[in-house]
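A short reminder: the numbers here are calculations on the coordinates, not readings from a lab. None of the values given here were measured: they were computed from a predicted structure. All Cβ positions, glycine included, derive from the backbone under ideal geometry; neighbour counts span all protein chains shown.
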Amino acid sequence: MSVPVLHDARRPPVALVGAGRLGSALARRLHAAGYPVAAVASRTEAAARALAALLPGAEVLRPGAALPEAVRLVFCCVPDEALPSVARYLASLEHPWAATVVAHTSGALTAGVLAPLVERGAAAMSFHPVQAFPPSADPSVFEGIVIGLEGAARAVALGREVARDLGARPVELAATDKARYHLAASVASNFFVTLMALAGEVLGSI
């Protein structure tokens, strides 16, 4: 069930590509934080429609359709291997890219993967929430988590505001730090589960 939200003029209209676990939670949290989510696109139209139905005013973007002209922030919440093709596709669309920030949510890749959009004038960044997103994750999952930011100064400045509006803690990174950052995030996420399982086995043997 959607909740009506009064949108703040300082929060730019958003388009979101990728209606999976992270994308769905992010879109709903953005809406709750006062960001108008104007458009949703996904690999399947059914997924895009399901998410758009939760976001008053959001339209479903079909292949080849232009983004709403008012959109000034685009989130690409797709698998790493899909990012180059998504960047090329978006760059092929007519849009005021020079006035637009484009972000991806990969922990491993830098903003450089969005080069086709930068060539069109967009400011690019990576905006990576250090968090696992279960199916139907509650939007409150963003509260207190770290979001790693890397990219153009204009994009990162906006990313910092967005992260704080989501209730998260922004951490700014250099492109050269991304590999170590991703390793640290992976260790914290994956090995914690392993250690807890091991601890459970040890306790179970007592």
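Observations, loosely collected:
- Under a model in which nothing but the beta-carbon of Lys, Arg (+1) and Asp, Glu (-1) is charged, segment 1-120 shows a dipole of about 260 debye around its Cα centre.
- Here segment 14-204 is assigned +1 on the Cβ of each Lys and Arg and -1 on the Cβ of each Asp and Glu. Its dipole about the Cα centre then comes out at about 120 debye.
- Inter-centroid distance (Cα atoms) of segment 115-135 relative to segment 47-85, Å: 13 Å
- Net charge over other residues, Cβ less than 15 angstrom from the Cβ of residue 52 (K, R count +1; D, E count -1): +2
- What the Kirkwood sum gives for segment 100-174 is a hydrodynamic radius of 12.5 Å, with every pair of different alpha carbons counted.
- Where only alpha carbons of segment 51-91 are counted, the Rg and the Dmax (Å): 11.5, 31
- Three principal axis extents of segment 47-180 based on alpha-carbon atoms, in descending order, are 36, 33, 26 Å.
- Placing a pseudo-label 7 Å from each Cα along the Cα-to-Cβ vector at residue 46 and residue 99 gives an inter-label distance of 3.8 nm.
- Charge tally around residue 171: other residues with Cβ under 13 Å, Lys/Arg +1 each, Asp/Glu -1 each, net +2.
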